[in-house]
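**Q** This is the structure, below, for whatever I ask next.
Just so you know, all these numbers are worked out from the coordinates, no wet-lab data involved. Computed from a prediction, not measured in an experiment: that's the story for all the values here. When we count neighbours, we look across all protein chains shown, and the Cβ atoms used for this are built from the backbone with ideal geometry, even at glycine.
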Amino acid sequence: MSHDIRKLLDIQDKNIIFEKNCVCFEKYKVQTCNIVQADLTYDPSHCPKCSRKKEDVFIYKNGKQTSRITIPMSGTHPTYLRLKKQRFMCKGCGSSFTAKTPIVEAHCFVAYTSKAQVLIKAAEAQSI
Ligand SMILES: [Zn+2]
């Protein structure tokens, strides 16, 4: 099930874990949207702020931050990935940071696959 969703959405990042019954419909303003819920978590190898390795410093999990990422439409409804990103806290420098994923740029809410789709559509329009 989880594997099929991964294939369908073209999400290769193994740190993204799809929950059971992770697809639901939600009304957003006047539109019905598809929402796919997932978790992003892993053990960070080092702290991105002080670059100390996890062997040298205590990095612990500190809650989750949910972001809504636009992914390519499935069917006729806008589709979003509601991703619960793991937050980490570094005991060494006292800073916190969020889990990263290659499917979306940091601080961005549009997946690379969606950006690619826009480019493909733009190229099609040109050839007409
Ligand atoms: Zn640190």
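**Q** With the contact rule set at Cα under 8 Å and sequence spacing of 6 or more, what percent relative contact order holds for the chain?
**A** So the answer I get is 22 percent.
**Q** Work out how much length residue 5 to residue 41 would gain on full extension: take 0.36 nm times their residue separation and subtract the Cα-Cα distance, in nm to one decimal.
**A** Here the answer is 11.2 nm.
**Q** Separate question: Using r as the Cβ-Cβ distance of residue 17 and residue 122, and R0 as 41 Å, what FRET efficiency do you calculate, to the nearest 0.05?
**A** After rounding, the FRET efficiency stands at 0.80.
**Q** Same structure again: Please state the relative contact order of the range 12-58 as a whole percent: Cα pairs under 8 Å, 6+ residues apart?
**A** The value is 31 percent.
**Q** When the helix-only estimate is applied to the chain (DSSP H runs of n ≥ 4, each -39,500 (n - 2.57), divided by the residue count), what is the mean residue ellipticity at 222 nm, nearest 500 deg cm²/dmol?
**A** Taking each H run of at least 4 residues, the total per residue is -6000 deg cm²/dmol.
**Q** When the Kirkwood radius is taken over all Cα pairs of the chain, what Stokes-Einstein diffusion coefficient follows at 10 °C and 1.306 mPa s, in µm²/s?
**A** Calculated translational D: 97 µm²/s.
**Q** Follow-up. Work from the charge dipole of the chain (Cβ charges, +1 for Lys and Arg, -1 for Asp and Glu, about the Cα centre) and give the residue of 41, 89, 99 farthest towards its positive end.
**A** 89
**Q** Then there's this: Find which of 9, 63, 122 sits farthest along the positive direction of the dipole of the chain, computed with +1 on the beta-carbon of Lys and Arg, -1 on that of Asp and Glu, about the Cα centre.
**A** Looking along the dipole axis, the top candidate is 63.
**Q** Shifting gears a bit: What percent antiparallel are the DSSP beta bridges of the chain, to the nearest 5?
**A** The answer is about 75 percent antiparallel.
**Q** Given an 8 Å cut-off on Cα distances and at least 6 residues of separation, report the relative contact order of the range 55-128 as a percent.
**A** The value is 29 percent.
**Q** Same structure, new question: Any chance you could give the angle, 0 to 90 degrees and rounded to 10, that helix 112-127 forms with the longest Cα principal axis of the chain?
**A** 30 degrees
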